[in-house]
Each structure stands twice: as structure tokens, then as C-alpha cells.
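As C-alpha cells, the structure follows; a few thoughts come after it.
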Amino acid sequence: MKKLLPTLLLSMALIVLGTWAVLSTRSAAKAEHTLNETYLAALGESAELMQSLSLNMEKALLSRDASQTAVLLSQIGRDAGDVRRALAFLPLEEETVSPAMTIADDIAEETALFLSELVTYGTLSSASRDALSGYLDQCTLLSGEMAVARQEVLSGQRSLSKAHHAAVPTESPRLLTQLPNAKGLPQTEVTAGQAMTIAREFVGEERVTGLSQAPDLLGPIAAWGVTVETNDVALNVYVTQIGGKVLFMAPETASFPELLTVDECRAAADAFLQSRGFAAMESEYHQVYGGLCVLTYVYVQDGTWVYPDRVTAQVRMDTGEIVGLEASSYWQNHTPRRIAMPMLTADEARESLAPEADEQDVRLCLFPESDRETLCWEFTVSHQGETFLIYLDARDGREVALQKLILLENGVMAV
């Protein structure tokens, strides 16, 4: 499963580099603690990779589109290899590690056979689906065991370092993906002084107690940095140097009492976005953490959900004030579209769904696919107690994507 920790600045994520400490042998206890921390990180990464592997197997079992299934099977093979490499940093004697490595090896080997069968026959046999389902059950069980093992290390009940001493891995930095030219920004330059005025008006004159310049944001979408002081929290606001639009805003601190409901926070965010020029937006998902209600919005044109045009808003759950916004995807993509009529009706597209998929809802959307936007019928379906989103091309019923809705303790997200 992709990392599920909620984050506001998805498109502005900072590169995080892990630095592993090398300790002197004079302090055996301290060295053992450091090695345990190393193993703990590897165990956590292995568990996340195992969850990703399980998720893609779930999708492959539900998909009935040959090309999409091939993509998923290829990803399953890569996931299995990633799990195997992550587990290699852990003590081989561990009862949780050895079977997980064996299963990862088996899945990587079997996936190649599944792909060959898919290419030859255009579908997976019942026996292959049963085998994949069996691997899914084993991975789900091992994910739970890994979580238990990690908890035991955290509580001091288990010391991985005593089982085996391995070399400490290093991780290469992950480079940020550069954004293409922003379609939604007016082609006019703004000065740093103008950016401060824009930031003040965006936050709201009645809330502002002070303004100051902050470090600017460089990169494909350059932005002026402004710190906006309010009564009890400072907001960092970034205004695009071309177009003069708020790219993102975030509070310097975030820990507020949870006094308002999600619906009340949504109403506050609806009104704010409408007043700031983000019209025709519909709330999609939400999460709650640190006294903030984080709502994801999608632009809707003529009843069609335009997924590339997204905005995320953070609402204080004590006052209902908006203290955070992430709009890079919106300004990167937003422009009026000429949306064609679907060549398939919803009923015609529905024929491409797996028989065991229990439909709950359907709507039209523009879904980002590689370097284009594809008009799709989005079907919300349930399968074995889980909820999925299946995107079928509105021209030919081809399966474009398949996502799983994850119900978190503090919200909902799609992966």
C-alpha cells in the first residue's frame, strides 16, 4: 500500500534523507539500540511494501480488463522483488522474515507465469486466480505478523539486533518530479509587494495582524513567500510569481480542539473556496488529524468530475477558519474543457465489470492517464466487504484504472 500518512503538501513534498549513525563499539548497549532502530525501520518498510503487494493483488483479482490486469501483475512482480530486498536487511533467523521472503520469491516467480497465461489466452484461469487469492491471504497474514513484530521491538519484548548483525543500508535520495507549465495561471507577473497584498486578502483582512516576507519557493512554479500573522497562529502563504495565485498555505503549528463536525468544516471550506475563486468544486474525501479537517475537492464541469483539477483545504475544527490550502494540481491543470459525449452509456460500460462486483454508484469523470485526460465512467463497487473505484473508458469500456477506498479511523482515502 502506498504510504497512508496524511499530508497536505502533496505536490511540494520535501526530499527527506535518512542519516544512519555509526557508533563506537565501546558502548555495546548504545550500538545495539542503534541496530534495533535500523531493523525497525526496515521492518516498517517491509510491512508497507507487503501491504502494497496485497492491494495490487486485490485489484488484479477484481479486474477483468486484460491490459489493466497485465499492468497490475507487472506491478505485483515488482512489489514482490521490493519486499524481498527490504527483508534482506533483517535477521534471517526471524520466524516472520523467512516465510515472508519465501512467499515473495514464489509470487515473483508465479507472476511471470500468470503474465504469460494472460498474453496467450487473454484472461487468467480459475486456477491462477485461486493461486493469486491464496498468496493474498498469506500476505495479509504476514502483514499482521510484521505489525506485531514491530510492536514487540518498540516495547522492548524483542531485540532484532541479537539475532543477526547486518550492514546498515543507505538510501538514495528521491528527486522531486518537476511540474509542467501551469495551464490555470494568468500570464502576468506579480511583485513581492503585490504578493503580500494577495496573501492578506486571501487569508482575510479581518484575520490578519501582521505580514512579513518569507523565503521564496523556486522551481517549475516559482512563488513568493509570505508569512501572515493571525491572532493565534502564523500562516505560510506562497503566491505564484506568474499569475499571482495562492499555490499553497499552511499553518506553522497545528493542534486545535475538535469541536466542529466534518459537515460543519465542509460547509466552511465550501464557502471559502467559492469566495476565493474556486468555483464548481465538490468535496471528495476527508481526513481529520491534529484538530484539522483536511478536505479534498475536485472541479466539476457540466456534471463531469475533472480529477486533475484538485484542491485540498485545511479547516480548524475549533473555529472553522481555513488555515491550509494546496492548489498546485489545480493551477497546473485548470482550464475549461470541451467534454465529449460518452460513446457508451453507463449500462453499456457496466457490461465490462466483473460479475462479482456489486455496483453502488456511477458517474462521469475525466481521469488522468499518462499525458492525457480520459473520459471515464467511474463505478463505485463493493467486493468481499471492500469498496473499489473502477474507471472504464467511456468510448470502448477499457479498464483505465482501479482504486481501493481505504476507511481510516480519521477519514477516507483512495489508493
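The values are calculated or read from the model by the stated rules, or taken from the named source; none is laboratory data. The shown structure was predicted, so the numbers you read here are calculated from the model rather than taken from an experiment. Note: ideal-geometry Cβ built from the backbone for every residue, glycine included; neighbour counts use all protein chains shown. Areas reflect the complete protein model, heavy atoms only, side chains present, ligands, DNA and RNA absent. Shrake-Rupley method; radii C 1.70, N 1.55, O 1.52, S 1.80 Å.
Calculate the FRET efficiency for VAL148 and THR120 from the Cβ-Cβ distance with a Förster distance of 41 Å, rounded to the nearest 0.05.
Plugging the Cβ-Cβ distance into 1/(1 + (r/R0)^6) gives 0.50.
Leaving ligands, DNA and RNA out of it, work out the accessible area of GLU356 with a 1.4 Å probe and give it in Å² to the nearest 10.
So the heavy atoms of GLU356 present about 80 Å² to solvent.
Along Cα→Cβ, 7 Å out, is where each label goes; now give me the distance between the ones at ILE339 and THR209 in nm to one decimal.
4.4 nm
I need to check one value: relative contact order of the stretch 213-355, counting alpha carbon pairs closer than 8 Å and at least 6 residues apart, in percent.
Worked out over the stretch 213-355, it gives 18 percent.
If you add up the charges near PHE367, with Lys and Arg at +1 and Asp and Glu at -1, over every other residue whose beta carbon is less than 10 angstrom from its beta carbon, what do you get?
-3
Once both labels are modelled 7 Å past Cα along the beta-carbon direction, what's the ARG395-SER98 spacing in nm?
Distance between label points: 5.4 nm.
Rank GLU229, GLU264, GLU326 by accessible area, highest first, at a 1.4 Å probe radius?
In descending accessible area the options line up as GLU264, GLU229, GLU326.
Where does each of TYR391, TYR135, TYR121 land when they are ordered by accessible area, with a 1.4 Å probe and the largest first?
So the residues, ranked largest to smallest area, are TYR121, TYR135, TYR391.
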